[in-house]
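Asks: Got a structure for you, questions after.
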Amino acid sequence: MYTQAMDVAPAEERKPLRTAEDAQLEARFEARIDDGSFIEAKDWMPDHYRKTLVRQISQHAHSEIVGMLPEGNWLTRAPTLKRKTILLAKVQDEAGHGLYLYAAAETLGTSRDQMLHALHTGKAKYSSIFNYPTLSWADIGVIGWLVDGAAIMNQVPLTRCSYAPYARAMVRICREESFHQRQGFDSLLVMMRDGTEAQKAMVQDAVNRWWWPSLMMFGPPDAESPNSGQSARWGIKRVSNDTLRQKFVDACAEQAQVLGVALPDPLLKWNDERAHHDFGPIDWDEFRRVVGGHGPCNKERLATRVKAWDDGAWVREAALAHAAKQALREKAA
Amino acid sequence: MTATSAAPAAPATTSESIRLNATPRVQYVLRIADTCLIHAQRLAEWCGHGPVLEEDIALTNMALDLLGQARALLTHAGQLDGHGFSEDQLAFLRDEGEFYNLTLVELPLRKPSGHLPGGDFADTVLRNFLLASWLKGLWTQLVSSTDAELAAIAGQALKESRYHQQHNGDWVVRLGDGSAESAARMRAALERAWPYTKEMFTSDAVDDVAAAGGLGPARSALREDWQQDVAEVLLYAELPPLADTPFVSTGTLGRHSEHMGFILAEMQVLQRTHPGGRW
Amino acid sequence: MSADTGTTAEWPLWEVFVRPKAGLDHKHCGSLHAADAAMAIQLAREVYTRRQEGSSLWVVRSADITASDPGDKAMYFDPMEDKVYRHPSFYELPGSVDHM
């Protein structure tokens, strides 16, 4: 999901086969893929497969962790104790999802610290949606409805990814994710149905700001996406960007009606012929700007993560120091 | 007569505070409720900023436990009080002078507050441990409260506080007996927190009413077990015990530190800004 | 310094096994990083049992797990394919006693 724009390896990473044995191993690997079999951690796999998965899984993990920040901003300001409880549990889940994904990536031969280092030095990406600010409480509900909604749409196909540790992590994530979207929608419904005029205006304003960035979560149009035939075969990416985006628009158009909010697109209209909603053009310049590091919050988000990591260094070191002391004491005893 | 468009109505004022005038019984319950609530509020600051992902999750679990305890106690206090205030009215519309938490939980944790810089992870695990040890002692007694609802809450909460005590006690040891830096930070954290622990065991008229009525123990009754638990962990953590000073904090009397105003301003802002709002 | 080089010592990796309830086996559910065994058990509780998934936990250092070599899969596991006499269905009995 968070990886639609990021899961393609640069051409120079695809090394030519070297030996007959390599060719045989690769042929066997491809046969298993064609068979629909799962690949496990210790199985032989082409370098390109391994690298692509490390990149995709780790960037997915980074997205979960950075994604804790926009909603985390409102934990201390949640308007009721029930909403505070729900938001804490949701943001906590996102930490857990990042953790499952780092663990899955580690089975491919990288380490969590190495992956975090790539994130903190700007080498690894995370989903650009999290570079937008949360300016009101209604943003929290809208993130649950639209951002988690988009994530779920992208995530379900990944439960059938050929790399089994990733698929298993995705099964776990999807099971936990179901309340994330529901709680957001519920929050908006209460405000739109029973809230004050000020609250309704707050919700509409949040929708106006998050709608287009949510559509961008599905990545560039298929026509502009580099060839991802390989990713499709490997089960890393099973449905096209445009197909998922259309599915999302259709679902949200109906949900918006239930809420009584307007989606900020004058060209959004049901098309009988296509049996889908037509919608207006996406500002891909904005997308490129934000992905390229020039969105509203890019620098802040990364700086926050780097600070948390650096501030925690003494804690992590102390824990290891204590463990080492304990080990020596046990040996001496 | 021609219809004239009315001038837009002036916005409703921000939500006024509710007034409690708590009886001793209600104040006794609110002391525990508010301590749990404010500590949970501080712990929530760590979500997304923990030193390690796994511990980030652990801190949030403790916040959720305490928030649950606070909600149950606030709801009960609202019933005991007779005005019928809800948990949310009590949390979001009380003025500072009617909050009765221990001052200890107001002190900065991760974020700076007022003129003080933020605390660190050592402050956090130490406070978690000192508080959990206190609550454990309290819940252990409250299980036999003459107030059935309070006893029921205590039964569940006791399990939670026992886990918090173990998890955070282990961290105090790990950091106290870890690296030179962690030991120095833990010593500093202990020095900051210690003067505020006296309030945990200073009884007053409210405690006397509670003890006399079988509602719950006076705070002074909790000292011995707490000191034993804490001394054991401080020993393993290679931290020297600190002497008591004449200072006693007064949060339980409704007189707070400078940090409380900032906490409430942040926590209560939406309810104050949207009178009649539905969430 | 870890932000510069990414090479300071890491907490070791542990594999986590959860028993959902008495009578069932512990099942592998994932991994986590912890500095020592006591921490690993507690963190396993925090990370993997929030939805009442467990009544008992095992943690094992990942480095202590010995796994069969996938390359040996054929010689380790295929020979079991033709030992059908180990399965009850191999034996056809008259209907009146087939329940055994």
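Asks: Could you tell me the largest-minus-smallest coordinate of the C-alpha atoms of segment A:179-333 on each of the three principal axes, in descending order and whole angstroms?
Replies: Principal extents (largest minus smallest coordinate, Cα): 79, 50, 30 Å.
Asks: Could I ask something else about it? Could you give the spread of the C-alpha atoms of chain A along their three principal axes, from largest to smallest, in whole angstroms?
Replies: Answer, in whole Å and largest first: 67, 60, 34 Å.
Asks: Another question, then. When Lys and Arg each count +1 and Asp and Glu each count -1, what net charge do the other residues less than 11 Å away from B:Ser113, Cβ to Cβ, add up to?
Replies: -1
Asks: Here's something else I'd like to know. Ratio of segment C:13-89's C-alpha Rg to 2.2 N^0.38 Å, to two decimals?
Replies: Against the empirical 2.2 N^0.38 Å value, I get 1.48 for segment C:13-89.
Asks: Compute the angle between helix B:148-176 and the longest alpha-carbon principal axis of chain B, please, reported from 0 to 90 degrees and rounded to the nearest 10.
Replies: Long axis of B:148-176 versus the principal axis of chain B: about 50 degrees.
Asks: Can you compute the charge dipole magnitude of segment B:38-121 about its Cα centre, using +1 on each Lys and Arg Cβ and -1 on each Asp and Glu Cβ, nothing else charged? Give it in debye, rounded to the nearest 20. Walk me through the numbers before you get to the answer.
Replies: Working: 5 positive and 13 negative charges, 11 e Å.
That gives segment B:38-121 a dipole magnitude of about 60 debye.
Asks: Moving to a separate point now. Go through segment C:83-100 residue by residue and turn each phi into a ³J(HN,Hα) via Karplus (6.51, -1.76, 1.60, θ = phi - 60°); whole Hz please, and just put x for glycine and proline.
Replies: 9, 5, 5, 7, 9, x, 5, 5, 9, 8, 10, x, x, 5, 10, 5, 6, 7
Asks: Could you tell me the extents of segment B:159-223's C-alpha atoms along the three principal axes, largest first, rounded to whole Å?
Replies: 49, 27, 12
Asks: While we're looking at this one, here's another question. I need to check one value: relative contact order of chain A, counting alpha carbon pairs closer than 8 Å and at least 6 residues apart, in percent.
Replies: On the way: 360 pairs, mean separation 65.9, N = 333.
Across chain A, relative contact order equals 20 percent.
Asks: Debye calculation, C-alpha points only, no solvent: report log10 I(q)/I(0) for segment A:120-162 at q = 0.32, 0.34 Å⁻¹, in the same order as the q values.
Replies: Here log10 of I(q) over I(0) equals -1.08, -1.13.
Asks: So which residue, out of A:Ala198, A:Ala95, A:Ala256, gets the largest mean-square fluctuation from a GNM of chain A using Cα contacts under 10 Å as springs?
Replies: Judging by the Gaussian network model, the answer is A:Ala198.
Asks: Rg and Dmax of segment B:28-96, Cα atoms, in Å?
Replies: 13.6, 45
Asks: Normalise the Cα radius of gyration of segment A:78-201 by 2.2 N^0.38 Å (N = residues in it) and let me know the number.
Replies: So the Cα radius of gyration is 1.22 times the expected 2.2 N^0.38 Å.
Asks: Tell me the relative contact order for segment A:157-243 as a rounded percent, counting alpha carbon contacts under 8 Å between residues six or more apart.
Replies: 38
Asks: Pick from B:Met267, B:Met186, B:Met200: which is most flexible by mean-square fluctuation in a GNM of chain B where alpha carbon atoms under 10 Å apart are linked?
Replies: Greatest mean-square fluctuation among the candidates belongs to B:Met267.
Asks: Right, another one. Lys and Arg at +1, Asp and Glu at -1: add these up for the other residues within a Cβ distance under 14 Å of B:Arg71 and post the number. All intermediate terms of the calculation are to be shown ahead of the outcome.
Replies: Values: positive: A:Lys82, A:Arg83, A:Lys84; negative: B:Asp34, B:Asp65, B:Glu87, B:Asp88, B:Glu149, B:Glu160.
Once positives and negatives cancel, what remains is -3.
Asks: If neighbour count is taken as other Cβ atoms inside 10 Å, put A:Phe185, B:Phe247 in order from fewest to most. Mind dumping the intermediate values first?
Replies: On the way: A:Phe185 20, B:Phe247 10.
Listing A:Phe185, B:Phe247 from fewest to most nearby Cβ atoms yields B:Phe247, A:Phe185.
Asks: Sticking with this structure for a sec: Rounded, prolate or oblate for segment B:59-168? Axes are the square roots of the Cα gyration tensor eigenvalues, ordered a ≥ b ≥ c, and the cut-off for rounded is a/c under 1.5.
Replies: oblate
Asks: Using alpha carbons only, how many angstrom separate the centre of segment A:193-264 from the centre of segment B:154-180?
Replies: So the two Cα centres are separated by 44 Å.
Asks: May I ask you to derive the relative contact order of chain B, considering only C-alpha pairs under 8 Å and at least 6 residues apart, and to give it as an integer percent?
Replies: Across chain B, relative contact order equals 25 percent.
Asks: Once the other residues with Cβ under 11 Å from the Cβ of B:Leu234 are scored (Lys, Arg +1; Asp, Glu -1), what is the net sum?
Replies: Taking every other residue near B:Leu234 into account, the sum is -3.
Asks: Sorting B:Glu45, B:Glu224, A:Glu330, A:Glu71 on the 10 Å Cβ count, fewest up front, what's the list?
Replies: With the sparsest Cβ surroundings first, the list reads A:Glu330, B:Glu224, B:Glu45, A:Glu71.
Asks: Tell me the Rg and the Dmax, in Å, that the Cα atoms of the protein assembly as shown produce.
Replies: Just the Cα atoms of the protein assembly as shown yield Rg and Dmax of 28.5, 103 Å.
Asks: With the cut-off at 34 Å, report for segment B:24-273 the share of all Cα pairs above it, as a whole percent. Display every interim value, and only then the final one.
Replies: Values: 3445 of 31125 pairs.
Within segment B:24-273, distances greater than 34 Å cover 11 percent of Cα pairs.
Asks: Shape call for segment A:34-110 from the C-alpha gyration tensor, a ≥ b ≥ c root eigenvalues: rounded (a/c under 1.5), prolate (a/b greater than b/c) or oblate?
Replies: prolate
Asks: Charges only on Cβ, +1 for Lys and Arg, -1 for Asp and Glu: so what's the dipole of chain C about the Cα centre, in debye to the nearest 20? Intermediate values should be presented prior to the final figure.
Replies: Values: 10 positive and 15 negative charges, 107 e Å.
Around 520 debye, computed over chain C.
Asks: With just the Cα atoms defining each centre, how far is segment C:9-35 from segment B:31-81? Give it in Å.
Replies: Segment C:9-35 and segment B:31-81 have Cα centres separated by 27 Å.
Asks: Any idea what angle helix B:223-236 forms with the longest principal axis of chain B, computed on alpha-carbon atoms, 0 to 90 degrees, nearest 10?
Replies: For helix B:223-236, the angle is close to 60 degrees.
Asks: Given charges of +1 on the Cβ of Lys and Arg and -1 on the Cβ of Asp and Glu, with all other atoms neutral, how large is the dipole of the protein assembly as shown about its Cα centre, in debye to the nearest 20?
Replies: Dipole size: approximately 260 debye.
Asks: Could you line up A:Leu119, B:Leu135, B:Leu158 from fewest to most neighbouring Cβ atoms inside 10 Å?
Replies: With the fewest neighbours first, A:Leu119, B:Leu135, B:Leu158 line up as B:Leu158, A:Leu119, B:Leu135.
Bear in mind that the values in this text are calculations on the coordinates, not laboratory data. Everything quoted here is computed from the prediction, not taken from an experiment. We place every Cβ from the backbone using ideal geometry, glycine too, and count neighbours over all the protein chains shown.
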